[in-house]
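*Asks:* The structure that follows is given in the form of structure tokens.
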Amino acid sequence: MIGYVTIGVSDMGKAKQFYGDLLGELGGKVLLDMERITFIGESMAKPMLAVCVPFNGEPNHPGNGNMVAIPAGSKAAVDKFYHKAIELGATCDGEPGQRIPDMFYGAYVRDPDGNKLAFFEFG
């Protein structure tokens, strides 16, 4: 249902390194790199994350209420991705923990450009 989600960044090299390192364990890799926009994912046939320098040339701005949620696969993996993101330069926006009893475990970070990410596991 989702082809790709695009987030604006200020430094393409830094963003490609951050997301390539972060999503590599989920099979994510740079699939298409067109200087201003880069698509990262497992394949062009699956949902991807695109990072781009805004087309209009204006500075990027993280959206208020926008967030990219990444299924981690387990609670332990949520913790692992959260800590890896922090090591890669993200900032904490909510430490790993059970959000809804017996239903949703998640953690939240902001990437180096301020875009909000969630790592989650249902159950």
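The values are calculated or read from the model by the stated rules, or taken from the named source; none is laboratory data. Just so it is clear, the structure is predicted and the values come from calculations on it, not from any experiment. Using ideal geometry, Cβ is built from the backbone for each residue, glycine included, and neighbour counts are taken over all protein chains shown.
*Asks:* So, in the stretch 27-54, how many residues would count as being modelled with pLDDT of 95 or more, surrounded by fewer than 16 Cβ atoms within 10 Å (Cβ to Cβ), of a type outside the set (Val, Ile, Thr) and touching a helix residue (DSSP H, G or I) at 6+ places or on another chain (Cβ under 8 Å)?
*Replies:* Residues flagged as modelled with pLDDT of 95 or more, surrounded by fewer than 16 Cβ atoms within 10 Å (Cβ to Cβ), of a type outside the set (Val, Ile, Thr) and touching a helix residue (DSSP H, G or I) at 6+ places or on another chain (Cβ under 8 Å) within the stretch 27-54 amount to 3.
*Asks:* Look through the stretch 74-111, keep the residues that are under 11 Å from the mean Cα position of the chain (by Cα) and part of a loop (DSSP other than H, G, I, E, B), and return whichever of them is nearest to residue 7 (Cα to Cα).
*Replies:* At the first step, the residues of the stretch 74-111 found to be under 11 Å from the mean Cα position of the chain (by Cα) are 81-82, 85, 90, 108-111.
From what's left, part of a loop (DSSP other than H, G, I, E, B): 90, 111.
Values: 90: 15, 111: 10 Å.
So the residue we want is 111.
*Asks:* Then there's this: Working only within the stretch 1-16, note down all residues that are surrounded by 13 or more Cβ atoms within 10 Å (Cβ to Cβ) and either of a type in the set (D, E, K, R) or free of Cβ contacts under 8 Å to residues at least 40 places away in the same chain (or both).
*Replies:* Narrowing the stretch 1-16 to residues surrounded by 13 or more Cβ atoms within 10 Å (Cβ to Cβ): 4-12, 14-16.
Those that are surrounded by 13 or more Cβ atoms within 10 Å (Cβ to Cβ) and either of a type in the set (D, E, K, R) or free of Cβ contacts under 8 Å to residues at least 40 places away in the same chain (or both): 11, 14, 16.
*Asks:* Condition (residue is assigned to a loop (DSSP other than H, G, I, E, B), farther than 18 Å from residue 112 by Cα and in contact with a strand residue (DSSP E or B) (Cβ under 7 Å, 6 or more places away or on another chain)) applied to the stretch 5-14: is it met by at least one residue? Break it down into steps so the answer makes sense when it comes.
*Replies:* Taking the stretch 5-14 as the starting set, the residues that turn out to be assigned to a loop (DSSP other than H, G, I, E, B) are 9-11.
Then drop every residue that is not farther than 18 Å from residue 112 by Cα, which leaves none.
Looking for residues that are assigned to a loop (DSSP other than H, G, I, E, B), farther than 18 Å from residue 112 by Cα and in contact with a strand residue (DSSP E or B) (Cβ under 7 Å, 6 or more places away or on another chain), one finds none in the stretch 5-14, hence no.
*Asks:* What single numbered condition from (1) touching a Ser or Thr at 6+ places or on another chain (Cβ under 6 Å); (2) exposed (fewer than 15 other Cβ atoms within 10 Å of the Cβ) fails to hold for residue 24?
*Replies:* Just one mismatch for residue 24, condition (1).
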